[in-house]
Amino acid sequence: MNRPPQLRRLALVVFAVLLLGGGSLGYVLHARHRDLPTAVAQGSFSLAEPGLYYRDSATGRIVRRSGTGGPPVPGGPACERFHAAGERALCLRKLPGLPARIQALVLDRRLREVQRVTVPGIPNRARVSASGNVLSWTVFATGDSYATTAFSTRTSILDLRTGYLIKSMEEIPLTIDGTRYHAPDVNYWGVTFAKDDNRFYATVSTKGRTHLVEGNLHDWSAKALRENVECPSLSPDDTRVAFKKKVSEDPAAPWRLYVLDLADLREHPLAETRGVDDQAAWLDDGTVGYALPGREGRAADIWSVPADGTGGPRLLVPGGSSPAAVS
C-alpha cells in the first residue's frame with residue numbers, strides 16, 4: 001500500500017532523528033568510557049611482590065625481577081620514567097604531538113591509575129616518598145641536556161594526603177648563604193623525600209652553579225646546604241644522599257657518583273668511575289642503583305655499586321632503566 005507523501009517524509013525525519021540520536025549517544029558513551037581511569041598494568045602484575053621494578057628498554061614497559069633471581073616478570077605499564085614506594089607508583093608518559101607534553105600517572109598498589117596530571121615538557125625525573133603519600137616529577141621545558149646551561153626544568157610536587165599540587169617549585173622561598181635569594185634563572189630538579197613526608201632534598205641551579213637544598217613542605221621553604229650536588233637520592237635511613245657531582249668539563253662524562261653524609265656534610269666517591277647522568281636509587285641501605293648508556297646499541301643498562309665507596313660496579317639488568325626496589 002502506498003503511503004501519502006507527508007507520511008513518507010515524516011517517517012524519514014523520525015528515522016534520521018533516531019539515527020542521529022543513536023550516533024550521539026554512542027559518541028557520548030565512548031567519550032565517557034575513554035575518560036574513565038585505565039588499568040595500565042596487565043593481568044595480576046602489581047607491587048604486591050617484592051623485587052626490583054624497572055623499565056625494560058626493549059618494550060618501554062615496567063617489569064619485575066625478584067630478589068632471588070629468575071627471569072623478569074612482564075606486565076607492567078608503559079612509562080618513560082618510573083618510580084614506586086609504599087602504596088603508590090609514578091609513571092611518566094610522553095604524549096604525541098607538539099608542543100611536548102607528558103602525563104604523570106599516579107598508580108595504586110595494583111598499578112591501576114588513580115590520578116592523572118598533564119603538564120608541558122619532556123619526562124626527566126620521577127620520585128615517590130617511602131610511604132607513597134608524596135610524589136614529584138621533573139620535566140625538561142626545552143629538551144636540552146644537563147651538560148649545557150641553556151636547559152630549563154619544571155618540577156612538581158603532589159601531596160596525595162591533601163590533593164594539593166604544586167605545579168612548579170620555582171616560587172619556593174630559597175635561602176643561600178643565610179640570605180633570602182631571588183633570581184630569574186632558578187631551576188629545581190631531582191626531588192627526594194624523607195620518611196616523614198615533610199623534609200625533602202633537591203637540586204637548585206642558578207648563576208651557573210648547582211646547590212643541594214633541604215626543603216620543608218609544611219613551611220614551604222628551602223635552604224642551600226652545599227654546592228655541586230645534582231639529582232640527590234636519600235638513603236632508606238635518611239642519613240645519606242647519593243648524588244652526581246660535576247668533576248669534569250668533558251660533556252661526554254662530566255659527573256661522577258658520590259655519597260654525602262648529612263650529619264657532617266662529608267662526601268666520598270663511589271667505585272663507579274664512569275659518568276652517570278641519572279638520579280640514583282637506593283636498592284638497600286648499602287647499595288645504590290643507576291642507569292648507564294647500554295652496550296651494543298641498547299638504550300640503557302642498570303648497574304649497582306656499594307654505597308661506602310668499596311667494591312666495584314655490577315651489571316644488574318641489561319637493557320633497563322628507572323630502577324625501584326619494592327619490599
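The table below gives the values:
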quantity: Within the range 53-66, tally of residues that are within 25 Å of Ile122 (Cα to Cα) and not in a strand (DSSP E or B); calculated: 4
quantity: Pairs, first closer than 16 Å to Gln42 by Cβ and free of Cβ contacts under 8 Å to residues at least 24 places away in the same chain in the range 102-120, second open to solvent by 20 Å² or more (accessible area, probe 1.4 Å) and assigned to a strand (DSSP E or B), C-beta under 6 Å, six or more apart; calculated: Asp108/Val114
quantity: Residue satisfying all of: in the range 206-236; open to solvent by 20 Å² or more (accessible area, probe 1.4 Å) and either among the small types (Gly, Ala, Ser) or in contact with a Gly (Cβ under 6 Å, 6 or more places away or on another chain) (or both); nearest to Asn133 (Cα to Cα) among these; calculated: Ser221
quantity: Scope the range 312-327; condition aliphatic (A, V, I, L, M), open to solvent by 10 Å² or more (accessible area, probe 1.4 Å) and under 24 Å from Ala194 (Cβ atoms); matching residues; calculated: Ala325, Val326
quantity: Residues of the range 109-124 classified as open to solvent by less than 30 Å² (accessible area, probe 1.4 Å) and under 12 Å from Pro77 (Cβ atoms), total; calculated: 2
quantity: Criterion: under 17 Å from Pro50 (Cβ atoms), within 10 Å of the chain's Cα centre (by Cα) and in contact (Cβ under 8 Å) with a residue 24 or more places away in the chain - qualifying residue of Val139, Val128, Val73; calculated: Val128
quantity: From the options Thr192, Thr203, residue that is touching a Gly at 6+ places or on another chain (Cβ under 8 Å) and β-branched (Val, Ile, Thr); calculated: Thr203
quantity: Wholly within the range 262-311, strands (runs of 3 or more DSSP E) carrying at least 1 residues that are open to solvent by less than 10 Å² (accessible area, probe 1.4 Å) and at negative phi; calculated: 281-284, 287-292, 301-306
quantity: Checking Cys91 against (1) surrounded by fewer than 16 Cβ atoms within 10 Å (Cβ to Cβ); (2) under 20 Å from Leu52 (Cα atoms); (3) touching a Phe, Trp or Tyr at 6+ places or on another chain (Cβ under 8 Å); (4) not basic (Lys, Arg), the condition it does not meet; calculated: (1)
quantity: Top-ranked residue of the range 158-196 - restricted to ones that are at positive phi and not acidic (Asp, Glu), ranked as least open to solvent (accessible area, probe 1.4 Å); calculated: Gly190
quantity: Thr239 β-branched (Val, Ile, Thr), open to solvent by 30 Å² or more (accessible area, probe 1.4 Å) and more than 21 Å from the chain's Cα centre (by Cα); calculated: yes
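For every residue, the table says whether it meets (1) outside any loop (DSSP other than H, G, I, E, B); (2) at pLDDT below 50; (3) open to solvent by less than 40 Å² (accessible area, probe 1.4 Å); (4) touching a helix residue (DSSP H, G or I) at 6+ places or on another chain (Cβ under 6 Å).
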residue	(1), (2), (3), (4)
Arg3	no, yes, no, no
Val14	yes, yes, no, no
Leu25	yes, yes, no, no
Leu29	yes, yes, no, no
Arg32	yes, yes, no, no
Ser44	no, no, no, no
Glu49	no, no, no, no
Thr68	no, no, no, no
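The values are calculated or read from the model by the stated rules, or taken from the named source; none is laboratory data. Bear in mind that the values here come from a model prediction, so they are computed numbers and not experimental data. Positions of Cβ are backbone-derived with ideal geometry, glycine not excepted, and every protein chain shown enters the neighbour counts. We work out accessible area using only protein heavy atoms, side chains counted, and drop any ligands, DNA or RNA first. Shrake-Rupley method; radii C 1.70, N 1.55, O 1.52, S 1.80 Å.
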